[in-house]
1. Six or more apart or on different chains, Cβ under 8 Å: which pairs go from a residue in segment 212-224 that's of a type in the set (F, W, Y) to one that's buried (at least 18 other Cβ atoms within 10 Å of the Cβ) and in a helix (DSSP H, G or I)? Could you list them?
2. At pLDDT below 95 and crowded, with 20+ Cβ neighbours inside 10 Å: which single residue out of G109, G152, G83, G113 fits that description?
3. Based on this model, can you work out whether F119 counts as free of Cβ contacts under 8 Å to residues at least 40 places away in the same chain, aromatic (F, W, Y) and part of a loop (DSSP other than H, G, I, E, B)?
4. Does Y160 meet the test of being under 17 Å from the mean Cα position of the chain (by Cα), touching a residue at least 24 places away in the same chain (Cβ under 8 Å) and over 24 Å from K135 (Cβ atoms)?
5. Within segment 193-224, take every residue that is aliphatic (A, V, I, L, M) and touching a Lys or Arg at 6+ places or on another chain (Cβ under 8 Å) and give me the one that is surrounded by the most Cβ atoms within 10 Å (Cβ to Cβ).
Amino acid sequence: MIVDVHTHAWDVERHMTEEFVKQASIARTQPISMAVNFDDYMQAMAKVDKAIVFGLKARLVGLYVPNEYIAQFVAKAPDKIIGFMSLDPTEPNFMDDFEHAYHDLKLKGIKLGPIYAGFDPRSRKLDALYAKAQKEGLPILFHAGTSFVRWGYLEFTRPYLWDEVARLFPELKIVLAHLAHPWESECIAVIRKHPNVYADISGLHYRPWQFYNSLMLCQEYGVMHKLLFGSDYPFTTPEETIKGLRSINRFTNGTSLPRISETAIEELIHRDALTLLGLS
């Protein structure tokens with residue numbers, strides 16, 4: 001089984017400001033399209049068995065995808081796609097938003113973006129959400145690490161922040177996206193000590209030298225089993241991500257550099273993230 005734990009759905013014209021789209025153009029060193037339509041999405045997901053999809057709510061930076069949009073997207077292929085809600089904890093009614101998305105829209109997990117919405121993941125105002133998610137078995141995937149957004153809060157995206165969250169809510173399933181690049185070593189410290197905290201490797205393969213070094217750190221610290229497969233679609237695709245993983249050892253050819261275990265790479269690609277996150 002291949003599970004892509006990190007894909008996006010949105011309508012660029014309806015859900016993003018022009019400034020956000022402009023800033024997103026520097027996410028990669030090559031031009032990208034932010035557009036997502038269902039048919040293209042399903043074609044891109046042909047390489048995976050299941051995909052988790054979400055939008056993001058962060059008015060601060062000009063991105064706001066209603067949870068209803070994600071629920072409608074999932075309804076087109078419910079056997080293939082699992083929908084996560086997004087919440088903006090800076091909004092006074094965000095817990096009402098949670099209740100609606102969980103009970104009425106039947107979304108199965110939560111996506112939060114502290115750097116985008118401008119909140120500290122350790123804030124006590126989030127305790128009720130964390131407690132509810134822990135009780136109901138809802139995983140939370142956080143954007144962690146850097147981003148292209150000018151107005152984002154870097155102080156709210158360092159992976160060490162989630163150490164406190166995981167200590168207070170030890171049964172809460174947490175995924176730190178993008179291995180929290182460029183603070184991968186800090187992310188490793190967190191996922192290594194907390195059984196229910198994982199990291200995904202989405203959006204990393206197109207910086208291959210950094211990716212190689214990040215995976216080597218994971219291998220040396222014994223946390224390869226804590227990594228989940230994800231693409232970050234539409235920024236890249238599952239197929240491109242798999243190719244990037246399987247070719248990562250090219251840097252070692254003709255050198256004495258250590259190699260990433262090919263067995264561990266295949267295990268990462270085929271990891272049953274749904275069971276690990278309580279979604280099976």
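1. Y212/I248; Y221/I188
2. G152
3. For F119, the condition - free of Cβ contacts under 8 Å to residues at least 40 places away in the same chain, aromatic (F, W, Y) and part of a loop (DSSP other than H, G, I, E, B) - is met.
4. yes
5. The extreme case among them is A199.
The values are calculated or read from the model by the stated rules, or taken from the named source; none is laboratory data. Keep in mind that what you see is a predicted model, and the values were worked out from it rather than measured. Neighbour counts are summed over all protein chains in view; Cβ atoms, including those assigned to glycine, are modelled from backbone coordinates with ideal geometry.
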